[in-house]
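Report on the following structure.
FYI, it's all coordinate maths here, none of it is from the lab. The model shown is predicted, which means the values in this text are computed figures rather than measured ones. Note that each Cβ is placed from the backbone with ideal geometry, even for glycine, and that neighbours are counted across all protein chains shown.
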Amino acid sequence: ARDAGFLAFVDKVVDAAFTGKQTDIEALMAGELEAAREALVQKIGENIGVRRIAMLSADAGVVGAYVHGNNRIGVLVALTGGDNDLAKDVAMHVAAVNPQVVSPADMPEEVIAKEKEIYTAQAQDSGKPAEIIEKMIGGRIKKFLAENSLLEQAFVKDPEITVAKLVSNAGAGVAEFVRFEVGEGIAVDKVDFAEEVAAQLRG
């Protein structure tokens, strides 16, 4: 990933996506970019693919970006109000803490349901009365939402304040963010090597 050819390819992809306002990977990679990708794969000897594209805009605010020093994490944040410094600070926070959503209200219902299922199973093993279990589950869900919602998190550069307080002090708000990390979402097959060897011996 530190190869000059790879970095030049990344710049080409970003420029093409930005210039064409393109978020469809198939359309973006058609033609010249796909040929460049294939040539790079042959040169480097590693599979390279464009898997995610996102574009943020802020009509009355600002979009800030942060790329972590090792080039493995990149973040875009769209603010309503605020300035570039604030947007970069929030983007840096997102890179470091990895929130799932902007606010608790944005958390998908299926994620909350899954967490509730886990907490219910754990709480039932405690042997406590049903009403206590219900309160325990409610408290854990509230904590989960606070820990995974950007606005509820303690700001990484000043843990005395939340991100919500940081942006509201500047008369701003967070519209949305995207966080990309190299390799995220790639399914890795779990291989049971003992079973694999046994299968080979049997076969």
In debye, nearest 20: dipole of the chain around its Cα centre with unit charges on the Cβ of K, R (+) and D, E (-)?
320
The chain: most fluctuating residue of 17, 78, 164 per GNM, C-alpha cutoff 10 Å:
17
How about residue 165: which lysines have a C-alpha closer than 24 Å to its C-alpha, ignoring those fewer than 8 places off in the same chain?
88, 142, 143, 157
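Going by how many other beta carbons lie within 10 Å of each one, how would you line up 180, 18, fewest first? Could the numbers behind the result be given before it?
Numbers: 180 17, 18 11.
Lowest count first: 18, 180.
Could you please rank 89, 59, 24, placing first whichever residue has the fewest other Cβ atoms within 10 Å of its Cβ?
Numbers: 89 22, 59 7, 24 11.
So the ranking, lowest neighbour count to highest, is 59, 24, 89.
What size of dipole, in debye to the nearest 20, comes out for region 68-130 about its Cα centre when the only charges are +1 on Lys and Arg C-beta atoms and -1 on Asp and Glu C-beta atoms? Don't jump to the answer; show the numbers that get you there.
Numbers: 5 positive and 9 negative charges, 37 e Å.
Around 180 debye, computed over region 68-130.
Counting helices only, and only those DSSP H runs with n ≥ 4, report the 222 nm mean residue ellipticity of the chain as the sum of -39,500 (n - 2.57) divided by its residues, in deg cm²/dmol to the nearest 500.
-15500 deg cm²/dmol
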Note down the nm distance, to one decimal, between modelled labels 7 Å out along Cα→Cβ at residue 55 and at residue 122.
4.2
For region 49-113, what class follows from the C-alpha gyration tensor (a ≥ b ≥ c being the square roots of its eigenvalues): rounded when a/c is under 1.5, otherwise prolate if a/b is larger than b/c, else oblate?
oblate
Highest-fluctuation residue, 37, 72, 52 considered, GNM on the chain with Cα pairs under 10 Å
52
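Give me the dipole magnitude in Debye, nearest 20, for region 11-68 about the Cα centre, with unit charges on the beta carbon: positive for Lys and Arg, negative for Asp and Glu. Display every interim value, and only then the final one.
Numbers: 6 positive and 9 negative charges, 29 e Å.
Taking the Cα centre of region 11-68 as origin, the dipole is about 140 debye.
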Any residue on another chain or 5+ positions along whose placed amide H is under 5 Å from the amide H of residue 174 is listed here as 80
Would you mind listing how long the chain runs along its three principal axes, going by Cα atoms, in whole Å with the largest first?
67, 64, 28
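Taking the Cβ of each residue in 92, 136 as the centre, tally the other Cβ atoms inside 10 Å and list the residues starting with the fewest.
Numbers: 92 21, 136 16.
Listed from fewest to most nearby Cβ atoms, that is 136, 92.
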